[in-house]
Amino acid sequence: MASVENIVACPVCALAQRIEGGRPGAVFECARCGAFIGREPERESLHLTAALTLAALVLYVPANLFPILRMYWSGAYSESTVWDGVVSLARSNQWLVAVIVFLASIAIPLFKLVSLFYLVISAQLRSRALPGLRTRLWRFVDVVGPWAMLDVFLLAVLVALVKLRTLATVLPGPGLAAFCAVVVLTILASATFDPRLIWTTRQNSPTSPKHA
């Protein structure tokens, strides 16, 4: 009869199955979907996640300071940053759209990057502090990821390029390249982080009962 420790659930199809004994570090294949199970978390991936997160944080500054769009119209020249777009929407009393653009293009990406960096540092130090809270933080980061930046703001840029091309010359600004790079780096950083490392402590020993 299999012991509880030998029963694992596939992370892809959730099939519960028994893992036979094998050499340390062995990787097993799910009987239903073929996904790998029993794989030990790789601490080396933290270096890649940290590098991607730091690069995204560095590019986050020019992405928000440099103009996203440059427009020439009747001899006049104007530039627009992400924050300029939020302010313009607010002044037009389109508060709901302004809030969505602010959250999706400025607030959520920054929160996600700072949270990822904190999770990487705490995992690298094998911190034992608040693993449950850090797990919930990772879940939140994973949930809000699709709402960050790309879908909302780049769609607005595309609409501006199409609608205004007959009236004015609209060109992408230097901030747009940094903006896209932040999006890609953030997605890659999230994909390379293994949340199991949150629970890997320095001692790696089972919890002992408390003494009275």
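The values are calculated or read from the model by the stated rules, or taken from the named source; none is laboratory data. All figures in this text were calculated on a predicted structure; none of them were measured in a lab. Cβ atoms come from the backbone with ideal geometry, glycine included; neighbour counts cover every protein chain shown. We work out accessible area using only protein heavy atoms, side chains counted, and drop any ligands, DNA or RNA first. Shrake-Rupley method; radii C 1.70, N 1.55, O 1.52, S 1.80 Å.
The figures follow:
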| read-out | value |
| --- | --- |
| Residue count for region 37-76, restricted to those that are at pLDDT below 75, under 30 Å from A9 (Cβ atoms) and outside any strand (DSSP E or B) | 7 |
| Flag if L103 is open to solvent by less than 40 Å² (accessible area, probe 1.4 Å), of a type in the set (A, V, I, L, M) and within 19 Å of L185 (Cα to Cα) | no |
| Test: residue in region 67-76 that is among the aliphatic types (A, V, I, L, M), crowded, with 18+ Cβ neighbours inside 10 Å, under 20 Å from A178 (Cβ atoms) and over 26 Å from the mean Cα position of the chain (by Cα) | yes |
| L89 being at pLDDT below 80, of a type outside the set (F, W, Y), part of a helix (DSSP H, G or I) and open to solvent by less than 60 Å² (accessible area, probe 1.4 Å) | yes |
| Residue that is nearest to I187 (Cα to Cα) [pool: residues in region 77-86 that are outside any helix (DSSP H, G or I) and open to solvent by 80 Å² or more (accessible area, probe 1.4 Å)] | E79 |
